[in-house]
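This report refers to the structure that appears directly beneath it.
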Amino acid sequence: MAWINEIEEQDADGELRTVYDELLKSRGKLANILQVQSLNPGALKTHVDLYMHLMFARSGLSRKEREAIAVVVSANNECSYCVHHHYEPLARYEKNAQVLAKIRNAEALDTLDARLAGMLKHAEKLTTNPHQVSADDVQKLRDLGLSDSDILDITLVTAYFNFVNRIALGLGVAYSEEEIQGYES
C-alpha cells in the first residue's frame, strides 16, 4: 500500500477497468507502480503506453540494455522499487553475476563491455548531473557505434525511469518478492 488511496483491481470500473484489463492481458498482473496511479486513469493509460513503447518496441537497444539503464538510473536515485522490478528481467538476459552486481549497484560500470558501459555511464550522468551533459557526451556514444536514434532511446529510457522513480519515491510505492516476479515479457 502506498501513501495515497488506490483503487484495487476488483473495485475498478469504467476507464480504469479497461486499463487494468489491458494490463492484465499484456503483462499478466498489475504492478504496484501502476495501481498507485489508479485515481487518474487517463494518466495511467498514457504512462503504460509510454512504458510499453520505450521498453518493448523495436529499437537499436536490446531489452537487456534497456533493463540495465532502468536499473542504473533507479540505483542512482535510490529507488529500490524500480531496482528490484527491473533487476528481475535484466537477470533473464544477463547471466554473469558479476556484471549483474555492477549494474545493480551502479558501480564499476566502466569495466563492462564498452557499448554497455558507455550507455550506462551516460544514463548515470543524465540522472545525477543533467546540466553537465554536453555534445561531447553524445559524440562519445556515437564513437561507440550508437546511432542518433539509439542515443535518443537511451535518453528517453533514462528520462522515463527518472520520472517513474519519482512516482515510486514520492508516493511510497512498496514491493514484495511476489509482486516483482512473474510479469509477461
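The values are calculated or read from the model by the stated rules, or taken from the named source; none is laboratory data. This is a predicted model, so every value here is computed, not measured. Neighbour counts are summed over all protein chains in view; Cβ atoms, including those assigned to glycine, are modelled from backbone coordinates with ideal geometry.
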* Tally the residues that are more than 17 Å from HIS84 (Cα to Cα) and at pLDDT 95 or above, restricting the search to the stretch 22-34. => 0
* Residue among LEU90, LEU152 that alone is within 26 Å of GLN37 (Cα to Cα) and not charged (D, E, K, R) -> LEU90
* Asked: In the set ASP137, ASP150, ASP143, which member is more than 20 Å from the chain's Cα centre (by Cα), of a type in the set (Asp, Glu), surrounded by 12 or more Cβ atoms within 10 Å (Cβ to Cβ) and not assigned by TED's automatic domain parsing to the domain that holds LYS29?
  -> ASP137
* So PRO89 clears everything in (1) modelled with pLDDT of 95 or more; (2) closer than 29 Å to GLY170 by Cα except one condition, right? Which one? -> (1)
